[in-house]
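To start, I am sharing the structure in question, which I have written as structure tokens.
The values are calculated or read from the model by the stated rules, or taken from the named source; none is laboratory data. Being a predicted model, the structure only gives us computed values, none of them experimental. All Cβ positions, even for glycine, are placed from backbone atoms using ideal geometry, and neighbour counts span all protein chains on display.
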Number of protein chains: 2
Amino acid sequence: MKKVTIKDVAERAGVSTSTVSRVLSPQINNYMRKETREKVLRAIEELDYRPDIRAQSLRGMRTRIIGLVMPDALNPFYQELAYVLEEICYRERYGLLVCSSKNSPTRELTYIDLLERQKVDGIILSTVGLNETKLNSLTKRGIPIVLVDRDVPGADIPVMFTNNYMGGCQATQYLIDLGHKKIACIIGEMNTLSSINRLKGYYDTLQKNGLEIDKKLIKKGKLTFKDGYRLMKELLRKSGDDFTAVFCVNDIVALGAMRAIQEKGKNVPSDYSVIGFDNISLSSISNPPLTTIAQPIKEIAQAAFKTIKRAKRQGSLKKKEHKFWDTKLIVRESCRKIG
Amino acid sequence: MKKVTIKDVAERAGVSTSTVSRVLSPQINNYMRKETREKVLRAIEELDYRPDIRAQSLRGMRTRIIGLVMPDALNPFYQELAYVLEEICYRERYGLLVCSSKNSPTRELTYIDLLERQKVDGIILSTVGLNETKLNSLTKRGIPIVLVDRDVPGADIPVMFTNNYMGGCQATQYLIDLGHKKIACIIGEMNTLSSINRLKGYYDTLQKNGLEIDKKLIKKGKLTFKDGYRLMKELLRKSGDDFTAVFCVNDIVALGAMRAIQEKGKNVPSDYSVIGFDNISLSSISNPPLTTIAQPIKEIAQAAFKTIKRAKRQGSLKKKEHKFWDTKLIVRESCRKIG
DNA sequence: GTGAAAGCGCTAACAC
DNA sequence: GTGTTAGCGCTTTCAC
């Protein structure tokens, strides 16, 4: 009925609370009689006692909570990030506080405030609206923050992400290697560095291969199924059979594009090759299964978590440090050789 | 650099910490001079002070954290539950600690232990392995627990869920109304009450309409795309055109079934009508868009949250109380009228 | 109206 | 080896 505290355990075992505390953290200063330890252990067992993490953390220890702040919890890419991160946290007995900013800077700030007040051990953030000033002031306040997926140039904070440029190159080069010469591109609205870099990879690879860049084949929109569908329809209407392949900035968009093609009575990959980006789990069960560029989500999550733990241990975060991970081409069935 | 505490604010404002505290909770006992309050407010502002929730909660207040423990974070249904719940929590400035048990009872227990030690204000649980004894002992320890989606018969705990039986009836009746007489069924492995009740709805509705139950048309498997696909293939092979429609226990399974049909060169809905369950977001962008039964996720989430808040306020949970919500038929394009 | 002081559950010097 | 004590940041009697 009543909460059982360290005092109850101490009384029951006939020792002081500090002795109980010592039993609880055996790694440090574990000199004590076997007999005493066993008495305490028995009392803990009998009372089914579990130390209060809040109280522990007040005394300077960690809260064992990590906050994840991401732009969109419905986006499969972030869902997978959350999933992977949760797994990592679980192994180390951390909890993951999941927050979606829904692309709203206000909401993002509110969440970060909440996380700060919860004194989480660290925040893994894919920011939609924070600037360097705010970010720097946050780290000064002692909360380790790690940026993932989206960079904030001026901020003195570690950032880990995918080499999006490389991914853009890989995708484009793959299509070129298959014999495609006219390659369309459906891309996000350019407000994120990821999009910019993926597009840059597309540009550079075309040029490197002596192919012309046709602005009419580049469509911009939101990163949704709907917009992928809509923009592909536009492409099909306007440029007819001017192109034979399309590079989509992410898998969701690619899925929308495939739908548009199929609705037009055309076939993927016979008529048009489609390549995506992210390798979300959906892309393996789409029809046809989507060829795509995989992001190193696990590596990013792992690194972010480690960085936070290290920062917490050392009492401070390393300054700006960029970590890139390579992308990987995942060949499935949405692209074909031509010519 | 240094964390700013209530003491700092008190000093700066030239008042005691209790006065600052009073300013922080204006709802209770707010008798104080305007002047004093403003001094304090100014100091808070200047120092950018945020009270530590851990410390607050240690003094008997809530932690403003809710734990969600679910069987499978990759299942779109639970993803949407988490999403909806997060939104509700956000509005009230709560954090949501997301835990997936991955269908492992051990993992579930570990998480619940963690949540208990974090002294979360409540746990919303879709259990995979907890029995009534454990559950009851947990509530005795003072943590409000609410069961969602899955019931544990003996437990003295509120449980809120979908009227799965009704959903099974609705789906089946809809198909019958469209003229279908031979209706197949792809269902989960029967270890959950949801599956059982949905199947029961299917049975009863067939009977009510004077239709025969054909065991050969009922397939059991896991609740995955893969198994939906596999079982549909079996159905198509074995019973050829013995049936014209199929009721799938959830949308993911239905999507897999549709894929199998399409790969066979058949069409949905011309050759076979398909109906799902859950109304996950994917089902609106599938090809064809899936007709399905919607679960009242928002209502469940809202009710669960409210129940926890009430319990926290009153210091105790109501005993066993079942709350059912109606399902709703969502007509899209995967079913057609025949005969 | 406001301050002093006790105490939430725990850890970590410091005694002995 | 083990107990005593102070204190983490906050709220809440109880004085004044």
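Which ones in the range B:272-286 are touching a residue at least 24 places away in the same chain (Cβ under 8 Å) and at negative phi? Full working, then the answer.
Kept after step one, since they are touching a residue at least 24 places away in the same chain (Cβ under 8 Å), are these residues of the range B:272-286: B:272-284, B:286.
Of everything in the range B:272-286, those that are touching a residue at least 24 places away in the same chain (Cβ under 8 Å) and at negative phi turn out to be B:272, B:273, B:274, B:275, B:276, B:277, B:280, B:281, B:282, B:283, B:284, B:286.
I've got another one for you. Give the range B:191-207 a look and list any residue that's surrounded by fewer than 19 Cβ atoms within 10 Å (Cβ to Cβ) and either over 14 Å from residue B:165 (Cα atoms) or among the β-branched types (Val, Ile, Thr) (or both), or say none.
Within the range B:191-207, B:191, B:196, B:207 qualify.
Sticking with this one: All but one of (1) within 14 Å of chain A (Cβ to nearest Cβ); (2) away from DNA strand D (no atom under 11 Å from the Cβ) hold for residue B:33; state the number of the condition that does not hold.
It is condition (1) that residue B:33 fails.
Would you check if there is a residue in the range A:63-72 being more than 16 Å from DNA strand C (Cβ to nearest atom) and modelled with pLDDT under 95?
The answer is yes; a qualifying residue exists.
Looking at the range B:310-339, I want the residues that are closer than 18 Å to residue B:159 by Cα and have a partner that is among the charged types (D, E, K, R) and assigned to a helix (DSSP H, G or I) with Cβ atoms under 6 Å, at least 6 apart or on another chain. Which pairs are those?
Partner pairs satisfying both residue conditions: B:325/B:299.
Next up: Mind listing whichever residues of the range B:3-28 are near DNA strand D (Cβ under 6 Å from one of its atoms) and within 14 Å of chain A (Cβ to nearest Cβ)?
B:3, B:5, B:6, B:24
Next up: Looking only at the range A:1-14, which residues are within 11 Å of DNA strand C (Cβ to nearest atom) and either of a type in the set (Val, Ile, Thr) or touching a helix residue (DSSP H, G or I) at 6+ places or on another chain (Cβ under 8 Å) (or both)?
Matches in the range A:1-14: A:4, A:5, A:6, A:7, A:8, A:9, A:10.
State yes or no: is residue A:150 touching a residue at least 40 places away in the same chain (Cβ under 8 Å), touching a helix residue (DSSP H, G or I) at 6+ places or on another chain (Cβ under 9 Å) and charged (D, E, K, R)?
Working: touching a residue at least 40 places away in the same chain (Cβ under 8 Å): yes; touching a helix residue (DSSP H, G or I) at 6+ places or on another chain (Cβ under 9 Å): yes; charged (D, E, K, R): yes.
It is true that residue A:150 is touching a residue at least 40 places away in the same chain (Cβ under 8 Å), touching a helix residue (DSSP H, G or I) at 6+ places or on another chain (Cβ under 9 Å) and charged (D, E, K, R).
Something else now. Residue A:23 versus (1) assigned to a helix (DSSP H, G or I); (2) more than 10 Å from DNA strand C (Cβ to nearest atom); (3) without any contact (Cβ under 8 Å) to a residue 24 or more places away in the chain: which is the lone unmet condition?
With respect to (1) assigned to a helix (DSSP H, G or I); (2) more than 10 Å from DNA strand C (Cβ to nearest atom); (3) without any contact (Cβ under 8 Å) to a residue 24 or more places away in the chain, residue A:23 is out only on (2).
Return the only residue of A:105, A:76 being more than 12 Å from DNA strand C (Cβ to nearest atom), in contact (Cβ under 8 Å) with a residue 60 or more places away in the chain and within 27 Å of the chain's Cα centre (by Cα).
Working: A:105 fails: in contact (Cβ under 8 Å) with a residue 60 or more places away in the chain.
Only one candidate qualifies: A:76.
What residue, of A:73, A:55, is within 16 Å of DNA strand D (Cβ to nearest atom) and either touching a Ser or Thr at 6+ places or on another chain (Cβ under 7 Å) or over 30 Å from residue A:246 (Cβ atoms) (or both)?
On the way: A:73 fails: within 16 Å of DNA strand D (Cβ to nearest atom).
It is A:55.
Now, a different point. For the structure I just gave you, tell me whether residue B:177 is under 24 Å from residue A:52 (Cβ atoms) and more than 18 Å from the chain's Cα centre (by Cα).
Taking the combined requirement at face value, the residue does not satisfy it.
If I filter the range B:77-93 for residues that are within 11 Å of DNA strand D (Cβ to nearest atom) and facing another protein chain (nearest Cβ under 9 Å), do I get at least one hit?
Within the range B:77-93, not a single residue is within 11 Å of DNA strand D (Cβ to nearest atom) and facing another protein chain (nearest Cβ under 9 Å).
A follow-up question, please. Within the range B:114-141, track down each residue that is out of contact with any strand residue (DSSP E or B) (no Cβ under 7 Å at 6 or more places or on another chain), assigned to a helix (DSSP H, G or I) and more than 14 Å from chain A (Cβ to nearest Cβ).
B:132 - this is the single residue of the range B:114-141 that is out of contact with any strand residue (DSSP E or B) (no Cβ under 7 Å at 6 or more places or on another chain), assigned to a helix (DSSP H, G or I) and more than 14 Å from chain A (Cβ to nearest Cβ).
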